[in-house]
Amino acid sequence: MCVGNRDACLHAGFCASVPQPPTITHQSPKDYIIDPRENIIIHCEAKGKPHPSFSWTRNGTHFDVEKDSKVIMKPNSGTLVIDISGEKAEAYEGVYQCIARNEHGSALSNNIVIRQSRSPLWSKERIEPITVQRGMSLVLQCRPPAGLPPPIIFWMDNNFQRLPQNSRVSQALNGDLYFSNVLMDDNRNDYICYARFPHTQTIQQKQPITVNVLDTMNDTVLAAFLNGSDFWGGDPSGERAPTFMQPPGMHSTSMVLKGDTLQLECIADGLPTPDISWSKVNGDLPSGRFSFHSFQKTLKITEVTDADGGDYRCLARNRLGSNHHIITVVVRAAPFWISAPQNLILAPKESGMLTCRADGNPKPTVTWSVNGIPIENSHKDPSRKIENGNIILSDVQTGSSAVYQCNASNEYGYLLGNAFVSVLAEPPRVLTPPNHVYSVITNSRALLDCASFGSPLPKITWFKNGQSVVDGDLYIIHKNNTLEINVARPVHSGKYTCIASNSLGNKENHVYLEVKEPTRILRQPEYKVVQRNGMAEFECKVKHDPTLFPSMIWLKDNMELPDDSRFEVGSDSLTIHDVREDDEGNYTCIRNTTLDQDSASAMLTVVEQPDPPRDLELTDQREHSVRLTWTPGDENNSPIQLFLIQYEDSLHEPGVWVNMTEVSGTSTTAHLELSPYVYYSFRVLALNEVGLSEPSAPSRQYRTNPAQPEVNPSDVEVIGTSPDSVTITWRVKHFDFVQGTNVREYILRGLNKVSLQIIINYVLYVILVPTVAPENVKVYVQNWTLAEVSWDAVPLSTVQGRLNGYKVSYWKLRSLHKQDPEPKKPQELIFQGNETEGLLFGLHPYSQYNLNIRAFNGKGDGPTSSNQIFETPEGVPGPPADLKVENLNLDSLIVKWAPPVEHNGHLTGYLLKYQPINTTDKLGPLKELLLAANETSITLDNLKHSTRYKFYLNAKTVKGAGPTVTEEGVTIMDEAMTSKQVDIATQGWFIGLMCAIALLILVLLIVCFIKRNKGGKYPVKEKEDAHQDPEIQPMKEDDGTFGEYR
């Protein structure tokens, strides 16, 4: 018997010299509808050794191609091309079959039915208007002409607009238009049914149908409408329960072929319009294969199976009742293969069997043919017999090759299968290339091929380094003789030999297996959070087999990296310079070899200071309080930690913003306690890990009213100075009791006719301030511009009055990079009430600071705490100073600069970018250079001469790049050429020549002046008189008129 490699040899074309019976490789479909405007092409291709010849039958009899000048058979092919120009395509309709034959047998194509597509015209008819009473049901029939293939139906109006359809009005599967009930809006004269024939792309139109809808019915109206019109309905129609219009009655049957699409339809009459629902009796609708169409009126089931047979219920329901219809679905099946006949290659004296198993509903009839002749009519072969529908071959002889046809048919279709039996005697051949090297990765599967051919079928034996390989746990030998090593290890590397042997000889072949180390990423890219304008670097270091050379591919969000010079791909890394917001995403490193790959991904998050809050509003306005609300700005990928609220008193301290309070980053509102007689404006700042946002726009101004003093003057003394006068003195607590306004008068009571001398005794004012400094002062540095300070509250007994808050003073001592020329002035933050922690904003990076705290009440400040010294970390540097671009020669420029005034850390280098600018100010390609920190100039060679360039320079620290400074420069012309031009102008002979020319012009002018004074005409004047300048003549056309402007 032929199994595996002998058949594969013939099909793959490896054994071109081996005889082979014909095999059909390509043919036209069984049902072939042709376009009458185009030539008919009926395909039939086959292979075999020798190459087969072709012939055709038509309607069961031989079709002589050579006798018909309109029919051509393609060379080395059985394909027919029929030229129908000047002919009717109907003349070539029929059933065609192709026969491909050579000396070893004949193969048959399917029966190919050729039919011409048709799009017949609508038969002429006179359509009477239809009169129907409002509320009644109605059917508008389409009945298109029968076409091939059937037409597609749709309804439109005179304006070629599709008629609206809904649950009340819908088109049935047969194309008719159904109205469950009619409304007055349905009254129209342009119901037009169209039929589109898809094969010829033509559209046919039915005559328009007029529908007259009557609202009420009486004898006069009825007589008028019934005169020459059809009438739908009887008694006046009111609301009614559903009844079925399509299909009618309570039960119907539908047949469908297995594998086709089933469409069941239910359309109901009723008022109100019924709702339709579907279910399967004794079962469920097939999951994933059913759908509803035409407003639930059509149930569609695709790829029908036997299980889809049975009863289906459609239910129509409205508020007056319900009705149902049962559709019994019967599933039939055209023949389908269970086991199609397969080709056999047998050696002389071998045995084999051809099987042909097909099923269908009803059960198909199976018949056999040999070389196209029914087997019962073919010559008798003692080595062949039929049992249970199979052909048994035994002790076959050379020369008994043939092609067998199996035909399985029932009333719904047929199957035709060709299978050849080739009797061969061939020694073994190994088809796998010799000395082929197989490379696999450790722990993966290795498959070593030994494709062979021979008849009788060769036996395959495997060896490794001379040792026999046995089928077992370690090795698996497949039926096609492929050797599998399920888990390959380095010890499996080596030389493998397969030997193919049969009764006619032996053939061996050597292959080699190499087991490689896997490719693994050892240092994967890690999640990065980078500030805008900073630098992000992802590592991707790999370990791999030394004989493999991995490539590296970087992806951003599974797409190629942007074409941007900021992305620098190294041998084991990806660096992104000057990070922008759109660089955020998922970065994947893929390390590929020819055998395997490994990949790893990491996210890049770009952060920056939050956007300022917006939309500040003041609500809940009271005498001494107000509520402030705002909308947070974008947090820029770093959660907002808190909001800082500041106020300005435009009455007493305009332009000075004072910290008022802080609220959590999740809040968008704050209740603010206010003091009397202050003109408040508020603003809000947001803080995240990167730093503080810009302030919001100020709120509208909110003014508090003045208030009466809370306490009277103290320490009142009365001293008599004379018999009729006294001196009264008291102490004034300046702002605490005045409450935001000046004292207008003092009122004295209890004196009778006594003159007064009033002395406001400020000298006797005793200062009572807090007596204890805050303790346990701590500073936590958050980043290079922000720190948090905390302290312990002072005991209330030491406050000597009401505690107003704490004052935090801090100042920069020095830069950690250089010596400052002079110390900075202290800055002061005021924290109201009992607050014991706060934030210090606007710190200078890479600097040393001093800080102390003191409590204060209404009378003044208490003692200062001990100083706390803290340092800020490195930040991004300031801009480079004094950027200049100087011309060096024709194609070179020198760029010079000074280090930033503010280093803000240790400089790691400079990033210089430059690009040309053309005459239209369009920027050219951008180039980048990374320069060392100790460089302050660079010469750029090989530039374009006479070209303007724009330069961008940033200083960098470990925290990233600082602000960019820009400058422009131009490469000038060759200085030698310039100097040569200057030298010519300064030559003596050149100066003399110019003087001679000037003298000659002066003499000519004098002569002309003399002649003019004598009344003569100089030649130039005569020429002007003789020939008027045509440029100043009037513009005229040929006829002498002025030309029209065009």
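The values are calculated or read from the model by the stated rules, or taken from the named source; none is laboratory data. All of these numbers come straight from a predicted model, not from anything done at the bench. Cβ placement follows ideal geometry from the backbone for every residue including glycine, while neighbour counts extend to all protein chains displayed. Calculation scope for accessible area: heavy atoms of the full protein, side chains included, ligands and nucleic acids excluded. Shrake-Rupley method; radii C 1.70, N 1.55, O 1.52, S 1.80 Å.
What number of residues within the stretch 939-976 are among the aromatic types (F, W, Y) and under 27 Å from P873 (Cβ atoms)?
1
Filtering the stretch 518-532 down to residues that are crowded, with 16+ Cβ neighbours inside 10 Å and farther than 30 Å from N783 by Cα, which residue is farthest from the chain's Cα centre (by Cα)? Restricting to residues being crowded, with 16+ Cβ neighbours inside 10 Å and farther than 30 Å from N783 by Cα, the top hit is P518. For the stretch 565-593, what are the residues that are open to solvent by 40 Å² or more (accessible area, probe 1.4 Å) and within 23 Å of the chain's Cα centre (by Cα)? Answer for the stretch 565-593, where residues must be open to solvent by 40 Å² or more (accessible area, probe 1.4 Å) and within 23 Å of the chain's Cα centre (by Cα): R580, E581, D582, E584, N586.
Does the stretch 665-672 include one or more residues that are more than 17 Å from Q832 (Cβ to Cβ), surrounded by 15 or more Cβ atoms within 10 Å (Cβ to Cβ) and not polar (S, T, N, Q)? Looking through the stretch 665-672, at least one residue is more than 17 Å from Q832 (Cβ to Cβ), surrounded by 15 or more Cβ atoms within 10 Å (Cβ to Cβ) and not polar (S, T, N, Q). The set of residues from the stretch 454-474 being of a type in the set (F, W, Y) and in contact with a Leu (Cβ under 6 Å, 6 or more places away or on another chain) comprises just one member, W462. If you go through the stretch 24-82 and keep only what is open to solvent by 80 Å² or more (accessible area, probe 1.4 Å) and in contact with a Pro (Cβ under 8 Å, 6 or more places away or on another chain), you end up with just K49. Restricting attention to the stretch 649-668, the residues that are more than 13 Å from I830 (Cα to Cα), part of a strand (DSSP E or B) and among the aliphatic types (A, V, I, L, M) total 1.
The set of residues in the stretch 862-912 being under 20 Å from L943 (Cα atoms), open to solvent by 20 Å² or more (accessible area, probe 1.4 Å), in contact (Cβ under 8 Å) with a residue 60 or more places away in the chain and assigned to a strand (DSSP E or B) consists of L883, K884, V885, E886, N887, N889.
Just one of I759, I767 is over 19 Å from Q868 (Cβ atoms), modelled with pLDDT under 90 and part of a loop (DSSP other than H, G, I, E, B); which is it?
I767
Of the residues screened, I386 is one that is over 30 Å from M255 (Cβ atoms), assigned to a strand (DSSP E or B), touching a residue at least 12 places away in the same chain (Cβ under 8 Å) and open to solvent by 10 Å² or more (accessible area, probe 1.4 Å). Would you mind stating whether R162 is under 30 Å from N59 (Cβ atoms), touching a Phe, Trp or Tyr at 6+ places or on another chain (Cβ under 8 Å), at pLDDT below 95 and surrounded by fewer than 20 Cβ atoms within 10 Å (Cβ to Cβ)? Answer is no for this residue.
Okay, residues lined up against (1) among the aromatic types (F, W, Y); (2) closer than 30 Å to C540 by Cα; (3) modelled with pLDDT of 95 or more:
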{"residue": "S573", "(1), (2), (3)": "no, yes, no"}
{"residue": "D620", "(1), (2), (3)": "no, no, no"}
{"residue": "H652", "(1), (2), (3)": "no, no, no"}
{"residue": "Y677", "(1), (2), (3)": "yes, no, no"}
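Residue pairs whose Cβ atoms lie under 6 Å apart, sitting 6 or more positions apart in sequence or on different chains, and linking a residue in the stretch 924-938 that is within 16 Å of P877 (Cα to Cα) to a partner that is assigned to a loop (DSSP other than H, G, I, E, B) and open to solvent by less than 60 Å² (accessible area, probe 1.4 Å), are A933/L907. Listed by position, the strands (runs of 3 or more DSSP E) inside the stretch 284-376 whose residues that are within 30 Å of S422 (Cα to Cα) number at least 1 are 321-339, 344-346, 352-354, 357-361, 365-370. The C-beta contact set for the stretch 254-272 (first residue over 20 Å from N410 (Cβ atoms), second residue open to solvent by 70 Å² or more (accessible area, probe 1.4 Å) and charged (D, E, K, R), distance under 6 angstrom, 6+ apart or interchain) comprises L271/E239. Restricting attention to the stretch 574-593, the residues that are under 27 Å from G691 (Cα atoms) and either in a strand (DSSP E or B) or in contact (Cβ under 8 Å) with a residue 24 or more places away in the chain (or both) add up to 12.
Among the residues of the stretch 406-425, is there at least one that is open to solvent by 50 Å² or more (accessible area, probe 1.4 Å), small (G, A, S) and free of Cβ contacts under 8 Å to residues at least 40 places away in the same chain? Within the stretch 406-425 (the criterion being open to solvent by 50 Å² or more (accessible area, probe 1.4 Å), small (G, A, S) and free of Cβ contacts under 8 Å to residues at least 40 places away in the same chain), the answer is no, since none of the residues qualifies. Filtered by the rule that a residue be within 25 Å of E694 (Cβ to Cβ) and surrounded by fewer than 16 Cβ atoms within 10 Å (Cβ to Cβ), the stretch 802-826 gives W811, K824, K825, P826. Would it be correct to say that S946 is open to solvent by 60 Å² or more (accessible area, probe 1.4 Å) and within 30 Å of A793 (Cβ to Cβ)? Taking the combined requirement at face value, the residue does not satisfy it. Looking only at the stretch 261-278, residues that are farther than 15 Å from M250 by Cα, of a type in the set (G, A, S) and more than 40 Å from the chain's Cα centre (by Cα) come to 1 in all. Screening E66 against (1) in contact with a Leu (Cβ under 8 Å, 6 or more places away or on another chain); (2) without any contact (Cβ under 8 Å) to a residue 12 or more places away in the chain leaves a single unmet condition, (1).
Okay, residues lined up against (1) without any contact (Cβ under 8 Å) to a residue 40 or more places away in the chain; (2) under 20 Å from I203 (Cβ atoms); (3) within 41 Å of the chain's Cα centre (by Cα); (4) in a loop (DSSP other than H, G, I, E, B):
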| position | (1), (2), (3), (4) |
| --- | --- |
| S123 | yes, yes, no, yes |
| T131 | no, no, no, no |
| G135 | no, no, no, yes |
| F154 | no, yes, yes, no |
| N158 | no, yes, no, yes |
| Q165 | no, yes, yes, yes |
| S170 | no, no, yes, no |
| N174 | yes, yes, no, yes |
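Taken together, the residues in the stretch 509-549 that are of a type outside the set (D, E, K, R), touching a strand residue (DSSP E or B) at 6+ places or on another chain (Cβ under 7 Å) and over 30 Å from E581 (Cβ atoms) amount to 12. Quick one: in the stretch 467-510, of everything that is surrounded by 17 or more Cβ atoms within 10 Å (Cβ to Cβ) and among the hydrophobic types (A, V, I, L, M, F, W, C), which residue is modelled with the lowest pLDDT? Here the residue is V469. Quick one: is P75 in a loop (DSSP other than H, G, I, E, B) and at pLDDT 90 or above? Against the criterion (in a loop (DSSP other than H, G, I, E, B) and at pLDDT 90 or above), P75 qualifies. Among the residues making up the stretch 341-380, those that are touching an Asp or Glu at 6+ places or on another chain (Cβ under 8 Å), surrounded by fewer than 18 Cβ atoms within 10 Å (Cβ to Cβ) and under 19 Å from G399 (Cα atoms) are K349, S351.
N636 passes every criterion in (1) open to solvent by less than 40 Å² (accessible area, probe 1.4 Å); (2) at positive phi; (3) in contact with a Phe, Trp or Tyr (Cβ under 9 Å, 6 or more places away or on another chain) apart from (3).
The set of residues in the stretch 594-646 that are part of a strand (DSSP E or B), without any contact (Cβ under 8 Å) to a residue 60 or more places away in the chain and not polar (S, T, N, Q) comprises D615, R627, F643, I645.
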